[in-house]
Amino acid sequence: MTALSLAMVLAEAARRHPDTVAVVDGDTRVGYAELWRQARGYAAGLRELGVAPGEPVALLAPNVVDFPRVYYGALAAGAVLVPVHLLLTVDEAVHVLRDSGAKLLVCHGSQLALGAAAAAAAGVPLVTVGPGGTGVSRLEEVSEPLPALPSYVTRQAEDTAVVLYTSGTTGVPKGALLTHLNLVMNATVNVFDANDARHTDVVLGCLPLFHSFGQTVAMNGTFRVGGTLVLLSRFSGPAAIDLMLAEGVNVFHGVPTMYVALLDAARDRATLPRLRLCVSGGASLPVAVLERFHAAFHTTIFEGYGLSETSPTATTNQPHFGTRPGTIGHPVWGVEVEIARADLDDRIELLPTGELGEIVIRGHNVFAGYLGRPEATAEAVVDGWFRSGDLGRKDDDGFITIVDRKKDLIIRGGFNVYPREVEEVLARHPAVGQVAVIGVPDPRHGEEVCAVVVADPAGPGLPAEQELIDWSRAHLGRHKYPRQVRYVDALPIGPSHKVLKRELRRTVAPPAD
């Protein structure tokens, strides 16, 4: 076995860039050497609280400096880190604590209403960090009188480093086991092979750090290259632009809803941040949004793709291969991404170039399995390939395009309709700011195509539903265009800022006859 720890990412940055500012959190600025010292101090406190190497420690914290302090402190102590989504209900948080076998919950003072209730119900000890948390044991107070650990505890490359809980779109959330090798390699490949990352980068950390995209690409990637991470705990377009201008941010990582919010906020601004590198992931980025962002901010967005189970990055548009709008680019270094028959569950049968099938992935980024769920692991990893559940195709130049999620496919009258294709067309209508296309039950066709639309604040105003249906008919095949349109003030957004189509399917009812 090979010794390897994700804690090395911060330890090495402290050795190479001791005086560089690692994290900006409001008025707080922490250099790499100091951040690593603080993390080792927290590691000593966790050890004092009885956390042994290999045991799970849950962390409930927003995007504040205490997140990386505790994250790397737990790793330095040899523990397994279990991030908890901030927007869970108490029952959902209890499931994460119990299912993961967490020995301790470290809760930021701002999240104590959820953390205290969940910890009590799960029977898990609780400590707080940061302001607030009166009457609860504080990790800072436990750690202060103790000598910091001299370095990180030895772990093996294949040991679990982080357990990321899936969103539960297909049932009860499952814990994806990410190893030290998975996460060290993914951070390294993101900054040194896939993207033109630099030590001088100032990165906006607005993606939730409890989520794989924010954790690996923003936090771990920035620390791996020795850049500066500027944290924003509550994202909005105006707040992001203000902070980017104030701190000289030149790198932005976000999901499509964030790019839409930045475009909305940019309309009345005389000065915009000068962004050298932009990366999009988490969901498909409409080409119309990419083009508008390029026009407003004069920069290229490199769209990528991945899942919690793939650490997360599997593919991205990369400077080495060039960009192709509407695609998710090429596989990152050391990872293979192919297209396989989607109708075969028990084996992987790869398809020729250009054919539509399920995106399958293998390489150093594929997780070790689902915690305590061998059957689910066996369904997800077949013949050494991880089955993504996404449908796509690869072109002659190796660029991969996502067509849609298998489960989001609409079957109207026996014909397959891919929501992504319909959304791309509707996003080009001048009145449309955001759109999500779903299937709704229909007695005649089985499912009907329904477009849920948010108005563009700078647009001409929303037309009557029938006008948008007629416009769609002129741009889409007869079986594809939406027969129903719903106007809403906002689309339901999950904790990782992705549109929740399952929520739309639950709440958007067919019109009354």
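A few notes on this one:
- Rounded to whole numbers, the Karplus 3J(HN,Hα) couplings from phi for segment 62-72 are x, 7, 10, 4, 5, 4, x, 4, 6, 4, 6 Hz, using 6.51 cos²θ - 1.76 cosθ + 1.60 with θ = phi - 60°, and x at Gly and Pro.
- In segment 112-173, the inverse of the mean reciprocal separation of distinct Cα atoms equals 15.3 Å; this is its Kirkwood hydrodynamic radius.
- Ordering of 491-500, 96-105 by packing is 96-105, 491-500, highest average first (other Cβ atoms within 10 Å, averaged per residue).
- Under 5 Å, built H, 5+ apart or other chain: amide partners of ALA342: GLU358
- Cα long-axis angle, helix 256-266 against the chain (0 to 90 degrees, to the nearest 10): 90
- Relative contact order for segment 1-96, counting Cα pairs under 8 Å that sit 6 or more residues apart, in percent: 26
- With a cut-off of 11 Å on the backbone N, the residues of segment 278-315 near the modelled label site 7 Å out from HIS475 along Cα-Cβ are 287-289.
- Considering only the chain, percent of DSSP beta bridges that pair antiparallel, nearest 5: 60
- Model label points for VAL488 and TRP333, set 7 angstrom from Cα along the Cα-to-Cβ axis, are 4.2 nm apart.
- Inter-part distance where segment 8-76 and segment 306-360 are each reduced to a Cα centre, Å: 34
- Formal net charge of residues neighbouring GLU309 (Cβ-Cβ distance under 10 Å; K, R +1; D, E -1): +2
- Remark on ARG138: its backbone amide H falls under 5 Å from those of THR128, a criterion applied only to residues 5 or more positions apart or on other chains, H modelled at 1.01 Å from N.
- Cβ-derived FRET efficiency at R0 35 Å, ASP242 paired with ALA113, nearest 0.05: 0.80
- Taking amide hydrogens as placed 1.01 Å from N in the peptide plane, the amide H of LEU307 sits under 5 Å from those of ALA314, each at least 5 positions away in sequence or on another chain.
- The alpha carbon convex hull volume per residue for segment 29-178 rounds to 110 Å³.
- Cα Rg over Rh - segment 409-507, Kirkwood: 0.95
- Packing-based ranking of 139-148, 73-82, 54-63, 459-468 yields 73-82, 54-63, 139-148, 459-468, ordered from highest to lowest mean Cβ neighbour count within 10 Å.
- Stokes-Einstein, applied to the Kirkwood radius of segment 51-96 over Cα pairs at a viscosity of 0.890 mPa s and 25 °C, places its translational diffusion at 220 µm² s⁻¹.
- Efficiency of FRET from Cβ geometry, THR2 and LEU409, R₀ 56 Å, rounded to 0.05: 0.85
- Rg/Rg_globular for segment 280-383, with Rg_globular taken as 2.2 N^0.38 Å and Rg from C-alpha atoms: 1.23
- Derived scalar couplings ³J(HN,Hα) [segment 319-328; Karplus, 6.51 cos²θ - 1.76 cosθ + 1.60; whole Hz; x for Gly, Pro]: x, 4, 9, x, 9, 9, x, x, 10, 9
- Distance from the alpha carbon centroid of segment 148-227 to that of segment 400-414 works out to 30 angstrom.
- Given R0 = 51 Å, the distance between the Cβ atoms of ARG267 and ALA33 translates into a calculated FRET efficiency of 0.75.
- 3J(HN,Hα) from dihedral phi, segment 178-188, Karplus parametrisation 6.51/-1.76/1.60, rounded to Hz, x for glycine, proline: 9, 8, 4, 5, 3, 7, 5, 5, 5, 4, 5
- When each of LYS480/LYS501; LYS174/LYS498; LYS103/LYS498; LYS407/LYS501; LYS394/LYS498 is checked by Cα-Cα distance, pairs over 21 Å: LYS103/LYS498; LYS394/LYS498
Laboratory data are not the source of any read-out in this text; all were calculated from the coordinates shown. Not measured: the values here are computed from a predicted model. No Cβ is skipped: glycine too gets one built from the backbone with ideal geometry, and neighbour counts run over all protein chains shown.
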